[in-house]
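Novice: Sharing a structure with you now.
The values are calculated or read from the model by the stated rules, or taken from the named source; none is laboratory data. Keep in mind the model is a prediction, meaning the values are calculated, not measured. Please note: Cβ atoms are built from the backbone with ideal geometry, for glycine as well, and neighbour counts cover all protein chains shown.
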Amino acid sequence: MTAQRVVLATGNAGKLREFAALLAPAGFVFEPQSAFGIEPPEETGDTFLANALLKARYAARLSGLPAMADDSGLEVDALGGAPGARSARYAEDGAGDASAPPRDEANWRKLLAALAGVPDAARRARFRCCIVLVRDADDPSPVVGEGAWEGRILDAPRGDGGFGYDPVFAPVDPAFGGRSVAELDAADKNLHSHRAAALRALLTAWQAR
């Protein structure tokens, strides 16, 4: 693949690191949307795909470059699939205020409270990710990749790595020994995560275009 300069439509430092680690070897050269003074748009979609497209088209329009965006989140079976597409805003009331926990922590604290008393066998969940690449803001055929990572929600957070819900999510694959994603090293996460699966699917679609 020839080098492809792409605006990455996220302000999340953790995602920036993961995208760079996974896609730079394939020829993508990323620039964060902040380098163009782009503030993220309001995520009004009710699906991961809708939100990813919204963010990618917005960044492409303002930067004049191809843009890539993802929308990802957590689906918990015992909560009917919530928080779903609202994962990043699950605890938005007060989250991020000076008197409140950081947004990520506020989100997983609300999740643990919602699952209080739910037995381990009923705490099945999955991380899901949708990534899109648009060549310009009006691209009629965006490249799309999707992936999922099955797991369960722990009773309490463990580990200090990762971001988002990583401290309370343990993959079901026995190879991980029940560890939370926040306890995994970056190499393991980049190989097995929902985002890694979505990126691999996107690369396959991009190379077949």
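Novice: Among the numbered conditions (1) farther than 20 Å from GLN207 by Cα; (2) surrounded by 15 or more Cβ atoms within 10 Å (Cβ to Cβ), tell me where GLY117 comes up short.
Specialist: The single condition GLY117 does not satisfy is (2).
Novice: Could you tell me which of the residues LEU115, LEU79, LEU111 is under 23 Å from GLY14 (Cβ atoms) and modelled with pLDDT of 95 or more? Talk me through it step by step, then tell me what you get.
Specialist: Values: LEU115 fails: under 23 Å from GLY14 (Cβ atoms); LEU79 fails: under 23 Å from GLY14 (Cβ atoms).
Selected residue: LEU111, the only one of LEU115, LEU79, LEU111 that is under 23 Å from GLY14 (Cβ atoms) and modelled with pLDDT of 95 or more.
Novice: Then there is this: Can you name the helices (runs of 4 or more DSSP H) wholly within segment 1-120 that have at least 2 residues being in contact with a strand residue (DSSP E or B) (Cβ under 7 Å, 6 or more places away or on another chain) and of a type in the set (S, T, N, Q)?
Specialist: Details: elements: 13-23, 48-63, 103-114.
Result: 48-63.
Novice: Take GLY178 and tell me if it is at positive phi and more than 19 Å from the chain's Cα centre (by Cα).
Specialist: Working: at positive phi: yes; more than 19 Å from the chain's Cα centre (by Cα): yes.
The answer is yes for GLY178.
Novice: Turning to a different aspect of this structure: Taking into account only those residues within segment 31-53 that are within 17 Å of the chain's Cα centre (by Cα) and within 12 Å of LEU8 (Cα to Cα), which is surrounded by the fewest Cβ atoms within 10 Å (Cβ to Cβ)?
Specialist: Narrowing segment 31-53 to residues within 17 Å of the chain's Cα centre (by Cα): 32-33, 40-53.
Okay, now just the ones that are also within 12 Å of LEU8 (Cα to Cα), so 32-33, 40, 52.
Numbers: PRO32: 18, GLN33: 23, PRO40: 16, ALA52: 29.
Taking the candidates together, the pick is PRO40.
Novice: Please specify each residue of segment 160-192 satisfying the condition of being modelled with pLDDT of 90 or more, in a loop (DSSP other than H, G, I, E, B) and surrounded by 16 or more Cβ atoms within 10 Å (Cβ to Cβ).
Specialist: Of everything in segment 160-192, those that are modelled with pLDDT of 90 or more, in a loop (DSSP other than H, G, I, E, B) and surrounded by 16 or more Cβ atoms within 10 Å (Cβ to Cβ) turn out to be GLY164, TYR165, SER180, LEU184.
Novice: Something else: Can you name the number of the only condition in (1) crowded, with 22+ Cβ neighbours inside 10 Å; (2) under 20 Å from GLU75 (Cα atoms); (3) not acidic (Asp, Glu) that ARG126 fails?
Specialist: Condition (1) is where ARG126 drops out.
Novice: Can you tell me which residue among PRO157, PRO140 is assigned to a loop (DSSP other than H, G, I, E, B), free of Cβ contacts under 8 Å to residues at least 40 places away in the same chain and over 19 Å from LEU199 (Cα atoms)? So that I can check it myself, show each step before the final result.
Specialist: Details: PRO157 fails: free of Cβ contacts under 8 Å to residues at least 40 places away in the same chain.
Answer to the check: PRO140.
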